[in-house]
2 protein chains.
Amino acid sequence: MINRNFSNLVENYLFAEIESRSAAYRAANPDKTLLKMGIGDWTAPLCPAVTDALRKASSEMGTPDGFRGYGPYQGYGFLREAISGYYAARGTQVAPDDIFVSDGAKSDTGNITDLFSESATVMIADPVYPVYNDTNVMSGRKIIFADANEENGFLPMPDESTRADVIYLCTPNNPCGTAYTRDKLAQWVEFATRTGALLLCDFAYEAYVTDPDLPRSVYEIPGARDCAIEFCSLSKTAGFTGVRCGWTVIPKELTRDGVNLNAMWLRRQSTKFNGVSYIVQRGAAAVFTPAGQAQTGAQVAAFKANAKMIYDAVTSCGIHCEGGRNSPYVWLKCPDGMGSWDFFDLLLNEEQIICTPGAGFGKNGEGYARLSAFSPREVSTEAMRRFTARFGGHC
Amino acid sequence: MINRNFSNLVENYLFAEIESRSAAYRAANPDKTLLKMGIGDWTAPLCPAVTDALRKASSEMGTPDGFRGYGPYQGYGFLREAISGYYAARGTQVAPDDIFVSDGAKSDTGNITDLFSESATVMIADPVYPVYNDTNVMSGRKIIFADANEENGFLPMPDESTRADVIYLCTPNNPCGTAYTRDKLAQWVEFATRTGALLLCDFAYEAYVTDPDLPRSVYEIPGARDCAIEFCSLSKTAGFTGVRCGWTVIPKELTRDGVNLNAMWLRRQSTKFNGVSYIVQRGAAAVFTPAGQAQTGAQVAAFKANAKMIYDAVTSCGIHCEGGRNSPYVWLKCPDGMGSWDFFDLLLNEEQIICTPGAGFGKNGEGYARLSAFSPREVSTEAMRRFTARFGGHC
């Protein structure tokens, strides 16, 4: 009776292993403070526009006229309109009916697999955000890996020799910090259109893009509405890691095998989900007000400044790295040919810095590590001071 | 590439059809007000203990010291401790590690199917809460129906001639308003223990139980920790329909096919879910404070008074009904042998009352209708005034 696919999962979840080794270090060294540069966990407080909206909605729910029970499965109109406007301000057409409010991109990137048959073939990059892999392992699908490595700048491109039904793309990329240009993403859209593949595009980090050559949505690419689903999140845009809100775009006209995917996902959500908290949706809508955009924009800019500082510090040591510009992540090649977990242990034990071992994201991540820019400025600065002191750079 | 099981779903979701017919009536009769006695959608404002906690947590998240990012996948300790205490106060032992905080019982009763193989056989009652059926249709499992009808008082008991791997039980029952006694539930536990079946027990309405012979948790029954998972919700206990919080209990020692289900669910949740909003968890914890228990208890008591009034009014018309005592639902036999949807249309068009047609819950629901006690007192009173005037009763 048990789903045996679970036994094919690799035993330790990456962040659980990091936490386990960090906890062991803390227990053995109670006087030392660890500098968290590992998990992408936003650290700035929620901005005033958001907390005001959360408080107001909380109060509203305590009044007879303001109380709201079950909400629309797809999300409240006020929030879907605001998200649609967020796209429109950048010249991208995404209608409120294309949008499904979610409790975060992670839930939806995992649950979307309900729409596919077990015999569907899935293509993911290596290295990759583990959720894409693990959710498909759980449902027993065949997974093809597209190598991301130094040769292709950690941005795999379509391979004419392989076919997949579903292709996951993450840009700006987690973990590599790299991002597809509009031209490169258009090659994926062309490939999907020609082969009938469906693109699942994770744009959780779109707010970090400032380079005008880099797309912030797949729907900037002509033809994408017929071949792509997009996942977005307020976690890394407005600090909603602990508040939980994101959205998924499934264009109304998108079909596969003659089935309308927008209608199919609505059926999935209305059966296995009951919508996002009204209070949270009010907080989310506040992100898209002028005040919310100014306040969260300043927070994102501060993390981007951290990322640049980290990138410059690592580079000053003569260590190769990617990202750090249109991304909150810096992806570095471990010095002296070290393995990922050896490098993790070195940074942990010698410098009290927690990084994320690249090997945790796939075989091509071996020998790499990810540094996150989401710690407070003073933590990031102290971490890079120690890092450059050890590896002969400056910051 | 598409999951073809979705094509086996019945086209119209029950509540969507009710909404569609109601909307058509409203459009044709803009001067009439509809009395909503259909969907179980709580209507009282959130109590002060909860709104205070929600506001406080919202403010806290706006401060550097109070901000919280990703939370524990299983839910914060403060909430799991509070829930454990809620059980302990009734003499039931459920440890914090047995508890998984969810965004509502609907999500978890649906997503739990990830743990089972496609070849697992599932048993559900008929009539039944549609989610149990539809989520298993979506994943292509064989479904066996246990008839709930007048002969067994709408409480099906184990049938020695049938075997199932997974058995859903809902008590107090949605839609029938009936509830298993401790003796009857013990027969299910004994059957599951003997046959190796797993019980999935939905106790979303446990707060409505006042009769001491009726269990409020499956874990009141000896042996249940080795054969049962329990789903609970704050939707019908504290008005969290729009706030979204519930919990699932999977005892640490529960295994099937040699697999520990608590560990398996944790793996599922840590991969496809990122926890419930911190703010919502603080609001949920407030429900279990003395003030929260007093305030939500008074709200539940008011809805129970509605339910009794509805039960008495229907009975006064000489119409047979179930529920209404330890449940917010009254399940009535449509008068004059009418079909469920004909009766729905009659109440809608002639009396402006919206009920839920029993046929929407399964074939044994044909000829029945559900009335919900969750409307405000004045709405319920007016609805039953019209109902009794039409069918010759009094209220």
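The values are calculated or read from the model by the stated rules, or taken from the named source; none is laboratory data. Since we're looking at a predicted model, the values are computed, not measured. Every residue, glycine as well, gets a Cβ built from its backbone with ideal geometry; the counts of neighbours run over all protein chains shown. These accessible areas exclude ligands, DNA and RNA; they are computed on the full protein's heavy atoms, side chains included. Shrake-Rupley method; radii C 1.70, N 1.55, O 1.52, S 1.80 Å.
Could you please put B:123, B:157 in sequence from largest to smallest accessible area, using a 1.4 Å probe? Intermediate values should be presented prior to the final figure.
On the way: B:123 15, B:157 55 Å².
The most accessible residue leads, giving B:157, B:123.
Shape verdict for region A:1-157, please, from the Cα gyration tensor: rounded (a/c under 1.5), prolate (a/b greater than b/c) or oblate. Kindly include the intermediate steps, with their values, before the conclusion.
Working: a/c = 1.72, a/b = 1.25, b/c = 1.38.
Note, shape of region A:1-157 comes out oblate.
Pairs to check: A:36/A:272; A:106/B:106; B:272/B:308; B:252/B:304. Give those whose C-alpha atoms are more than 30 Å from each other in this structure. Working shown, then result.
Values: A:36/A:272 36 Å; A:106/B:106 19 Å; B:272/B:308 42 Å; B:252/B:304 34 Å.
Listed pairs above 30 Å: A:36/A:272; B:272/B:308; B:252/B:304.
Of B:91, B:177, B:196, which has the largest mean-square fluctuation in a 10 Å C-alpha GNM of chain B?
B:91
Treat every Asp and Glu Cβ in the protein assembly as shown as -1 and every Lys and Arg Cβ as +1, leave all other atoms uncharged, and give the resulting dipole magnitude about the Cα centre to the nearest 20 debye.
Working: 74 positive and 88 negative charges, 263 e Å.
Charge dipole of the protein assembly as shown: 1260 debye, to the nearest 20.
Let me know the charge dipole size of region B:278-395 about its Cα centre in debye, to the nearest 20, where only the beta-carbon of Lys, Arg (+1) and Asp, Glu (-1) is charged. Please list the in-between numbers first.
Working: 11 positive and 10 negative charges, 100 e Å.
Around 480 debye, computed over region B:278-395.
Can you tell me the accessible area per residue over region B:1-87, all protein chains present, probe 1.4 angstrom, in square angstrom?
Roughly 47 Å² per residue, with all protein chains present.
Please work out the Cα center distance from region A:341-395 to region A:240-262, rounded to the nearest Å.
Computed from Cα coordinates, the inter-centre distance equals 35 Å.
Which one, A:250, A:278, A:232, projects farthest toward the positive side of the charge dipole computed for region A:215-288 from Cβ point charges (K/R +1, D/E -1)?
The residue sitting most towards the positive pole is A:278.
Calculated FRET efficiency, residue B:187 and residue A:160, Cβ-Cβ r, R0 51 Å, to nearest 0.05? Each step should come with its number before you reach the end.
Working: r = 62 Å, r/R0 = 1.22.
Once rounded, the FRET efficiency stands at 0.25.
Assuming R0 = 51 Å, can you tell me the calculated FRET efficiency for the pair residue B:32 and residue A:90, based on Cβ-Cβ distance, to the nearest 0.05? Walk me through the intermediate numbers first.
Values: r = 45 Å, r/R0 = 0.88.
Here the calculated transfer efficiency is 0.70.
Grab the other residues whose beta carbon is less than 12 angstrom from that of residue B:216, score K and R as +1, D and E as -1, and report the net. Mind showing how you got there, number by number?
On the way: positive: B:90, B:182; negative: B:206, B:211, B:213, B:220, B:230.
Once positives and negatives cancel, what remains is -3.
Using a 10 angstrom cutoff on alpha carbons, build the Gaussian network for chain A and name the most mobile of A:180, A:70, A:368.
A:70
So, with +1 on the Cβ of K and R and -1 on the Cβ of D and E, and no other charges, what is the size of the charge dipole of region A:150-202 about its Cα centre, to the nearest 20 debye?
Numbers: 4 positive and 8 negative charges, 36 e Å.
The calculated dipole for region A:150-202 is roughly 180 debye.
Quick one: accessible area per residue over region A:246-291, 1.4 Å probe, rounded to a whole number of Å²? Can you show the working numbers first?
Working: 1160 Å² over 46 residues.
Ligands and nucleic acids excluded, the figure is 25 Å² per residue.
At a probe radius of 1.4 Å, figure out the A/B buried accessible area, summed over both chains, and give it in Å² to the nearest 100. Before the final figure, lay out each step's value.
Values: alone 16550 and 16550 Å², together 26870 Å².
When A and B are taken together, about 6200 Å² of accessible area is lost.
Given the whole protein assembly as supplied and a 1.4 Å probe, what does the accessible area of residue A:19 come to in Å², nearest 10?
100
Using a 1.4 Å probe on the protein chains only, how many percent of the accessible area of region A:1-112 belongs to carbon and sulfur? Display every interim value, and only then the final one.
Working: 2410 of 4690 Å².
So the carbon and sulfur contribution to the accessible surface is 51 percent.
Would you mind classifying region A:165-295 by shape? Square roots of the alpha carbon gyration tensor eigenvalues, ordered a ≥ b ≥ c; an a/c under 1.5 is rounded, otherwise it is prolate if a/b is larger than b/c and oblate if not.
On the way: a/c = 2.20, a/b = 1.18, b/c = 1.87.
Oblate, since a/c reaches 1.5 and b/c is not below a/b.
How big is the antiparallel share of DSSP beta bridges in the protein assembly as shown, given as a percent to the nearest 5? Kindly include the intermediate steps, with their values, before the conclusion.
Values: 42 of 80 bridges.
Roughly 50 percent of the DSSP beta bridges within the protein assembly as shown come out antiparallel.
Only Cα pairs within less than 10 Å get springs; with that Gaussian network setup on chain A, which residue of A:100, A:374, A:145 has the largest fluctuation?
For chain A, modelled as a Gaussian network with Cα springs under 10 Å, the answer is A:145.
With an 8 Å cut-off on Cα pairs and a minimum separation of 6 or more residues, tell me the relative contact order of region A:196-266 in percent.
Values: 101 pairs, mean separation 20.5, N = 71.
About 29 percent, as a whole number.
Run down the aspartates and glutamates and flag those whose C-alpha is under 13 Å from the C-alpha of residue A:363, throwing out any fewer than 8 positions away in its chain.
Answer for residue A:363, where 13 Å is the Cα cut-off: A:126, A:147, listed by chain and number.
Nearest-to-axis residue of chain A, judged by Cβ, for the A-to-B rotation, with distance in whole Å?
A:55, 2
What does the charge count around residue B:202 come to, taking other residues whose C-beta lies under 10 Å from its C-beta (Lys +1, Arg +1, Asp -1, Glu -1)? Don't skip to the answer; put the middle values down first.
Numbers: positive: B:106; negative: B:108, B:206, B:230.
Net charge in that neighbourhood comes out at -2.
Which of B:313, B:298, B:198 sits farthest toward the positive end of the charge dipole of the protein assembly as shown, with +1 on the Cβ of Lys and Arg and -1 on the Cβ of Asp and Glu?
The Cα lying farthest towards the positive end belongs to B:298.
Return the distance in nm (one decimal) between the two label points of a simple spin-label model at residue A:302 and residue A:289, each offset 7 Å from Cα along Cα→Cβ.
Roughly 2.0 nm, to one decimal.
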